[in-house]
Every structure is written in structure tokens, then in C-alpha cells.
Amino acid sequence: MLEGISDSNFHDVVRLLVQDNRMDQRGCNLQNIPSRGNGELVRRCFVPAPGWVFVGADLSQIEPRIQAHIMYERYGDNSLRQIFLDNVDLYTTMAMRTFGFEEKYCVDKAYSPDGTFQPRKLMKQGVLAVSYQQTPKAFAKTMGVSEEVAQDFFRNFEEQFPSFKTMVKDIVDKMKETGYSETLFGRKRRFPQYKYYQKLIRQNEPKLRELYIERKKLLAIENPTPQQQKKFKQIQEQIQELRKPFALASANEREAFNNVIQGTGADIIKQNGNRMYQVCREKGWKMVASIHDEIIITMPQKDVTPENIQLVNDVMTKTVKLSVPLKSDTVIMPRWMEEYKPEEWFAKYGQG
């Protein structure tokens, strides 16, 4: 049954897997070891064999690149894609266009002309806010800026990157219609509970309206009695309970969008991993790990040449082709977390 999974037999396959009590030996999940604090100390305990080094290569800004690709391919919108084609700092450039400030106000850690917020930092979080369909009011509270700044950001963002919100809406609308979202390579994630959450939302609406009206009346009382305060607390608890389906449905909508973007990134790194494994077999190297957007291999120090480092970079950036260029940052490591850029390594140790 596990051969040829399709929409028609998907639930039967999942049921079979859930009911299978056989245990599979699992190794250490390196993705759960943080790269900071004590996690860094743990990572530094991983060393290659004598005479060998680790080579790590990651995909740089893969998620916004996927978004730029979708905006260009589906909507003919080149606004985000052009930033990558120009090979300039993504969030600085986006902040300059969105806020209309000079570059000096939009570089990392710089403040707006009035000194009230950091445009580049706001830009990075703002992309997520638009992706998650956050309101300007909620975004202002999260970022600690005025609602006026948040309103300006949302309005200007939509003008500068016109298809971004449309892309998010179309992905979510497709999930609402079909019950799933899929990556650019057709891998689906299903949301079987979404329609049930929507049903509960409709059922709860009349009662919620009653509770809102009752709560408004209690809020209007200047000096409420203990009984009225108790009643207000009960109403708040009821509202919170009845609103749970809203939160669950909203989470599904965010996850549907995330699946398309993050899931496509995962698909790309898997294809890169497949090719990297073949290269390692041909070269006598070893593929060690795939951690988020990074692949780590190990090779003899004598094989660390510009040509081989370029080969690793090509695997990461040319295995999958999008309408935007992919970029990889490659480092050489005598031990995990002790990183040298290729030019630093060759300056210190030479070539091969």
C-alpha cells in the first residue's frame, strides 16, 4: 500500500502507519541543537576524522526568493525579484522603497529620521506580518511603534510589492477550497479539521454576539459590584472558549501559506541533498547532515580546493532553478562552528 500514495488512498495509508507499533531506531536530531549558548559548546564537540574537514553550505534567504519567484511567475510582478537580480541587501532595499528613506536610515540597526523605529528591523518583521495577515494595529503593538507608522507600512508595502498580499490570499483560498496547500513541487499538506473549525465558528457566532453585548453593558458600569465583576469574568472566559475555533482556523491558514514557502525550501534542500550525496560518492567524501537550509559534508583537507568548493556551491545553487538566482554561503570547518570562509581558509592553509 505504501507504493503509490494518492489522494484516494492517503487516509488509509496514514491509518496503517498510525496502527503500526514497530519501532524504528533513530539517530540524534542535530536540528534541535541550538547554535548559541550551550548549544554551540555541544556543536563544537563534533569533529571530522583526522586529516578531514567539514564543509557547510546553506541556502541564503531561500524563503523570500521563493516568494519573489511566485510573484513573478504567477502574477508578472518583478518588484521583489529585481532586488535579488540586483544582488543588493534585501531588507535594506525593501525598507528604502517602503518607507522612502535614504539608505543610511535603512541599514542594519539604523533608526528612522525621527529616531522612533528601525526601518530594516521593522521590514523583516513586516514581511512576516503581511504573510500572516496580521492587522496594522496588532503589528504596531508587536513592534512597539505607533499605529500611524504601522498603517503607513502596510499601505506602502502593498504599493511597492503589489502581488504579495494577493499571493498569500490565493494560497489560503485554495486551502479553504481543497483542504490542502502544496509546494511548488506538488507536495501537499492537508488540513482536514479546517472545515470543522469553520462550522464551529458559524455555530458560535450567535452566542458570541450575545456575550459581546452583555460585556459591553458591564464595561459601561463605572463602579461594578462584586457580582457584576464575577459575571464579567465569566463572560470573558466564555468568549475565550468560543473563540478557540477562530484561533485554530487562523493557525491553519498561516500554516497553509508556510507550507508553500517553507515546504518548497525543504523540497529544494532535499533535491540538493540527493545530488550532494551522489557527488560525495563519486569523490570519496561523506555527507554528514542536512540541518534546516544547510548541508554539511566532510572531505579530506587535501581536497579543499577552489574547484571543489565551487562544485559544492553549484550543487546548492544550480540543482534547482527558479526565476531568481539562488545563493549559498559556504564555510570550511576544522570542527563544527569553527568556520572559515573559503578565501580565509586558502589564505591560511593554501589550496589542497
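The values are calculated or read from the model by the stated rules, or taken from the named source; none is laboratory data. A quick note: this is a predicted structure, and the numbers were derived from the prediction, not measured. Neighbour counts are summed over all protein chains in view; Cβ atoms, including those assigned to glycine, are modelled from backbone coordinates with ideal geometry. With ligands, DNA and RNA removed, areas are computed over all heavy atoms of the protein, side chains included. Shrake-Rupley method; radii C 1.70, N 1.55, O 1.52, S 1.80 Å.
Peptides 61-72, 321-332: what's the order by average Cβ count within 10 Å, highest mean first?
61-72, 321-332
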Spin-label point model (7 Å from Cα, Cβ direction): what's the GLU338 to LYS109 distance in nm?
-> 2.8 nm
On the accessible surface of region 38-167, probed at 1.4 Å with all protein chains in place, carbon and sulfur together account for a percent value of 48 percent
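Mind listing which trypsin sites (Lys or Arg not before Pro) in region 218-267 are in a DSSP loop and have 15 or fewer other Cβ atoms within 10 Å?
Numbers: sites: LYS230, LYS231, LYS233, ARG243, ARG254; in loops: ARG243.
Taking region 218-267 and a limit of 15 other Cβ atoms within 10 Å, the loop trypsin sites (Lys or Arg not before Pro) found are ARG243.
Can you figure out the FRET efficiency of GLU40 with TYR349, using R₀ = 25 Å and their beta-carbon distance, to the nearest 0.05?
Working: r = 23 Å, r/R0 = 0.93.
Rounded to the nearest 0.05, the efficiency is 0.60.
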Check the straight Cα-Cα distances from LYS124 and name the lysines below 18 Å, setting aside those fewer than 8 residues away within the same chain.
-> LYS104, LYS109, LYS137, LYS141, LYS165
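Given a Förster distance of 25 angstrom, what is the FRET efficiency for THR166 paired with GLN31, based on the Cβ-Cβ distance and rounded to 0.05?
On the way: r = 33 Å, r/R0 = 1.31.
The calculated FRET efficiency here is 0.15.
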Residues whose built amide H sits under 5 Å from the amide H of ASP329, excluding neighbours closer than 5 in sequence, are ASP58, SER60
Expected vector for region 206-211, Karplus 3J(HN,Hα) from phi with 6.51, -1.76, 1.60 and θ = phi - 60°, integer Hz, x for Gly and Pro, equals x, 5, 4, 4, 4, 5
So LYS327 and ARG202, fully extended at 0.36 nm per residue minus their Cα-Cα distance, gain in nm 40.4 nm
What's the angle, to the nearest 10 degrees (0 to 90), between helix 10-19's Cα axis and the longest principal axis of the chain?
-> 80 degrees
Give the angle, between 0 and 90 degrees and rounded to the nearest 10, that separates the Cα long axis of helix 147-160 from the longest principal axis of the Cα atoms of the chain.
-> 50 degrees
Rounded to the nearest 500 deg cm²/dmol, what is the calculated helix-only ellipticity per residue at 222 nm for the chain, with -39500 (n - 2.57) per DSSP H run of length n ≥ 4?
-> -18500 deg cm²/dmol
In debye, nearest 20: dipole of region 1-145 around its Cα centre with unit charges on the Cβ of K, R (+) and D, E (-)?
-> 560 debye
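Please give the charge dipole size of the chain, origin at the Cα centre, charges +1 on K and R Cβ atoms and -1 on D and E Cβ atoms. Round to the nearest 20 debye. Could you put the intermediate results ahead of the total?
Working: 52 positive and 45 negative charges, 247 e Å.
Using only the charged Cβ atoms, the result is roughly 1180 debye.
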Give the accessible surface of region 251-322 per residue, rounded to a whole number of Å², with probe radius 1.4 Å and ligands, DNA and RNA excluded.
-> 44 Å²
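What is the magnitude of the charge dipole of region 258-352 about its Cα centre, with +1 placed on the Cβ of each Lys and Arg, -1 on the Cβ of each Asp and Glu, and no other charges, expressed in debye to the nearest 20? Numbers along the way, then the final one.
Details: 12 positive and 12 negative charges, 55 e Å.
Dipole of region 258-352, to the nearest 20 debye: 260 debye.
Given a 1.4 Å probe, how much area per residue of region 122-230 is accessible, in Å²? Could the numbers behind the result be given before it?
Values: 6910 Å² over 109 residues.
Here the per-residue accessible area is 63 Å².
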Using the structure shown, select from LYS174/LYS199; LYS169/LYS244; LYS270/LYS327; LYS169/LYS318; LYS195/LYS321; LYS286/LYS321 the pairs with a Cα to Cα distance greater than 27 angstrom.
-> LYS169/LYS318; LYS195/LYS321
Considering only DSSP states other than H, G, I, E and B, which GluC sites (Glu not before Pro) in region 87-177 qualify as loop sites with at most 14 other Cβ atoms within 10 Å?
-> GLU102
Pop a pseudo-label 7 angstrom from the Cα along the beta-carbon direction at both GLU241 and LEU128 and give the gap in nm to one decimal.
-> 3.3 nm
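Would you please name the GluC sites (Glu not before Pro) within region 276-343 that are DSSP coil residues with at most 14 other C-beta atoms within 10 Å of their C-beta?
Values: sites: GLU282, GLU294, GLU307, GLU338, GLU339, GLU343; in loops: GLU338, GLU339.
Of the GluC sites (Glu not before Pro), the ones in loops of region 276-343 whose Cβ has at most 14 other Cβ atoms within 10 Å are GLU338.
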Taking the dipole about the Cα centre of region 258-352, with the C-beta of Lys and Arg at +1 and of Asp and Glu at -1, give me whichever of PRO334, TYR349, VAL320 is farthest to the positive side.
-> VAL320
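Please work out how much length the chain gains when fully extended from ARG155 to ASP20, using 0.36 nm per residue of separation minus the C-alpha to C-alpha distance, in nm with one decimal. Mind showing how you got there, number by number?
Working: separation 135, 0.36 × 135 = 48.60 nm, distance 5.18 nm.
Roughly 43.4 nm would be gained on extension.
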In whole Hz, with x marking every Gly and Pro, tabulate ³J(HN,Hα) for region 215-222 from phi via Karplus 6.51 cos²θ - 1.76 cosθ + 1.60, θ = phi - 60°.
-> 5, 4, 5, 5, 5, 6, 7, 6
